[in-house]
Amino acid sequence: MEIFLQQVVSGLATGGIYASLALALVMIYQATDVVNFAQGEMAMFSTYLAWSMMNAGIPYWGAFFATLAIAFIGGILIERVVIRPVENAPILAIVIVCIGLLVIFNSLAGWIYSYVIQPFPSPFPRTPIKIGNIVFGPHDLGAICVTLVLLLLLFLFFRYTSLGLAMRAAAHNPASSRLVGIRVGWMLALGWGLAALLGAVAGIMVAPIIFLEPNMMGGILIYAFASATLGGFTSPVGAVLGGLLMGVIENLVGTYVRFIGTELKLTVALAIILVVLTVKPSGLFGRAAVHRV
Amino acid sequence: MMEGTASAARISAPARPTVAGLSVWSWTIGGLVLVIAIACALPLLLSGFKLFQFTQVLGYAIALLGLNILTGYNGQISLGHGAFYALGAYTTAIMIDKWSVPYGFAIPVAGVVCLVAGFLFGIPALRLEGLYLALATFALALAVPQILKYFDSWTGGSQGIVLSKPQAPFGLPLTSDQWLYFLTLGTTLLLFLFGWNLLRGRIGRAIVAIRDHPIAAETMGINSALYKSLVFGVSACYVGIAGALVGLAVAFVAPDSFNVFLSITLLVGIVVGGLASISGALFGAFFIQFVPNWAQDISKAAPWAIYGVFLIAFMYLMPRGISGFFHRLWRRLLRAGAKPAELKRS
């Protein structure tokens, strides 16, 4: 039982990471109807930026917020410069452009920072917290808290600010939004900026656990996809819960299902994606998409 | 009444468009003959590694045609066709290595295995549309190397399977590289002919109708579910045969050569070559075989960054792919060719 609880707890911790990246994916999907395949690499690159700032002697939180600002502006720039020309192109063209971004970021990171694995500092205290016989990693708890705070902020932003309302409107019905004076193009750019920012947070939170290297996001990204699918691509809350659930599932399966272990980790994510999409394509918390014929 | 207008239209129709005095049909046939002749002459001009690269181009062309039938013509996005490429390559390799099956049998069997696997994967794919399908297949592509390593008693784990290149049969005076090239060329021609035949008729129209308007297609009596899973199967079969041929040409299969970048490369190939076009498969194959090498020549440090820039630039400049670009060029030539004919008549 203790092992079980311990696994659930550490599952929730990794789940927090999946949740923040899944949140970023859902954000972009909601704001722009695009699934950004480059999301993971953008997050990785931001994490490297934070890392080099810390190496230059900037204190942790300074580097943290500076990175978020750069990621936000970078996301907006990417949308304005790279994505905008193909905005009205067929969906495959956009997918290809995202893939282009993915390889560019991956390769640039390898070129600038080399493929050597680097340790990354954690802002939280090191001493583990014990409740009963279950150990909580302080970094894990911190990561979950950061994710939850982000979710709350996003919720407040989308629900109670006029800018948030404008963004939702632009994604939902671009033509009518334009008629009432919303600058739809800029709303999309803002969506990309926010998602890049969320990705940066996810990268910085995950780097102390899995270490920093250009390919660090591959496995995480697929789990984030699975989380977003499980929670529903239309629901930010679903993405967070899906992420936590995926973390727990991953740990429990790794511990208790012998023939899967950790070697078939990605296959578990694949199976979950397939099952969810087949049985309940809108996910646990999403709205079913309704099309007008 | 209807007949009257039709014949009137026929009378007033301009003379058949020509380019440089030859009809479109003769240009097409001439072009095809020229391409095939060059393809047959290549082994005499190139040797060793260069020829092997062209064998790979042909293999990619088969795979790209398969993926194009699915994504370009039927509108189902797949980011996971590297999985079927791997399945084809491994089926062949395991049959040759473990059971000493001659490769002449192993390749078609690999095709059939992929056909069945693709058909089965196509059934859950029915529930998925657009980006969701891209996602599910993307996960498939990521999971492939793990699955291959897991069944190591069959696949040899990360060591992979080493094969020996087949010798030319019937005492033909060819090296094994040349023989593999001709084998791949023959298969490519056969599969392209089959693909062209499949797409130009009733079935092809049904496939395209499902892409353009699924509901209207069903109303016209097209069994959308059956067609979609069958197209998935046929597409996987093409990709599997390509994997089998290239696996044989490389004489080595290992899990890490079937990573997610292979699947991405295939998708890049069809989009760059031109969606929903048969010639696009060939252009795309050249692109994915040679452009990464050029990128490497431009920048040793970050070849993939250059490749990414190429990709994005391509999407801006030629959104319909290379074949779309040539198509437009051709149309312009036709119009230029048609004008003098009209002048003469008036």
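Since every read-out is calculated from the coordinates, none of them should be taken as a lab result. Remember, predicted model here, so these are calculated numbers, not experimental data. Note: ideal-geometry Cβ built from the backbone for every residue, glycine included; neighbour counts use all protein chains shown.
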Practice prompt. Please give the average number of partner chain Cβ atoms lying within 10 Å of the Cβ of each residue in A:57-69, rounded to a whole number.
Written response: 0
Worksheet entry | Alpha carbon centroid spacing (whole Å) that separates the stretch B:236-273 from the stretch B:283-332 | 18 Å
Discussion item. Averaged over its residues, how many other protein chain Cβ atoms are within 10 Å of peptide B:28-35's Cβ atoms?
Written reply: 0
Response to the item:
Result: in the stretch B:37-330 the number of Lys pairs with C-alpha under 22 Å apart, spaced 8 or more or on different chains, is 4
Item to complete: Could you order peptides A:186-193, B:70-77, A:142-149 by the average number of other Cβ atoms within 10 Å of their residues, highest first?
Response: B:70-77, A:186-193, A:142-149
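Can you compute the charge dipole magnitude of the stretch B:37-330 about its Cα centre, using +1 on each Lys and Arg Cβ and -1 on each Asp and Glu Cβ, nothing else charged? Give it in debye, rounded to the nearest 20.
My answer is approximately 400 debye.
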Worksheet item: Across the residues of A:104-112, average count of Cβ atoms on other protein chains within 10 Å?
Response: 5
Worksheet, complete the sentence: In the stretch A:76-162, the trypsin sites (Lys or Arg not before Pro) that sit in a DSSP loop and have at most 16 other Cβ atoms within 10 Å of their own Cβ are A:126
Discussion item. Which residue fluctuates most in the GNM of chain B (Cα springs below 10 Å): B:173, B:255, B:214?
Written reply: B:173
Practice prompt. Identify which of B:237, B:114, B:40 has the largest mean-square fluctuation in a Gaussian network model of chain B, with springs joining Cα atoms closer than 10 Å.
Written response: B:40
Practice prompt. Measure nothing fancy, just the Cα-based angle from helix A:91-113's long axis to the longest principal axis of chain A, in degrees from 0 to 90, nearest 10.
Written response: 50 degrees
Practice prompt. Starting with the highest mean, order B:23-34, A:271-282 by the number of other Cβ atoms within 10 Å, averaged over the residues of each peptide.
Written response: A:271-282, B:23-34
Worksheet entry | For the protein assembly as shown, diffusion coefficient by Stokes-Einstein and Kirkwood Rh (Cα), 4 °C, 1.567 mPa s, µm²/s | 49 µm²/s
Worksheet entry | Simple Cβ-charge dipole of the protein assembly as shown, Lys/Arg +1 and Asp/Glu -1, about Cα centre, in debye nearest 20 | 1820 debye
Fill in: Chain lengthening between residue A:156 and residue A:134 when straightened (0.36 nm per residue, less Cα-Cα)
4.5 nm
Item to complete: Taking 7 Å along the Cα-to-C-beta vector as the label spot, tell me the residue A:211-residue B:27 distance in nanometres, rounded to one decimal.
Response: 6.0 nm
Discussion item. Quick check: the distance between the Cα centres of the stretch A:24-68 and the stretch B:65-103, to the nearest angstrom?
Written reply: 37 Å
Worksheet item: Which of the peptides B:89-101, A:37-49, A:160-172 is most tightly packed, and how do the rest follow, judged by the mean count of other Cβ atoms within 10 Å per residue?
Response: A:37-49, B:89-101, A:160-172
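Quickly estimate the mean residue ellipticity at 222 nm for chain B, helices only: each DSSP H run with n ≥ 4 gives -39500 (n - 2.57), and the total goes over all residues, rounded to 500.
Theoretical 222 nm ellipticity from helices: -25500 deg cm²/dmol.
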Worksheet item: R0 = 30 Å: FRET efficiency of residue B:197 with residue B:101, Cβ-based, nearest 0.05?
Response: 0.55
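List the chymotrypsin sites (Phe, Trp or Tyr not before Pro) within the stretch A:103-149 that fall in a DSSP loop (any state other than H, G, I, E or B) and whose Cβ has at most 15 other Cβ atoms within 10 Å.
Answer by residue number: A:115.
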Discussion item. Give me the one-decimal nm value for the distance between modelled label points at residue A:165 and residue A:55, 7 Å along each residue's Cα-to-Cβ direction.
Written reply: 4.7 nm
Worksheet item: What's the extension gain from residue B:218 to residue B:152 if we count 0.36 nm per residue and subtract their Cα-Cα distance?
Response: 19.3 nm
Discussion item. Whole percent per 5 Å bin, from 0 to the bin with the longest distance: what is P(r) over all C-alpha pairs of the stretch A:36-178?
Written reply: 2, 8, 11, 15, 17, 16, 13, 9, 5, 3, 1, 0
Worksheet item: Hey, got the Cα dimensions of chain B along the principal axes, in Å, largest first?
Response: 75, 51, 47
Discussion item. Which one, A:122, A:172, A:208, projects farthest toward the positive side of the charge dipole computed for the stretch A:16-216 from Cβ point charges (K/R +1, D/E -1)?
Written reply: A:172
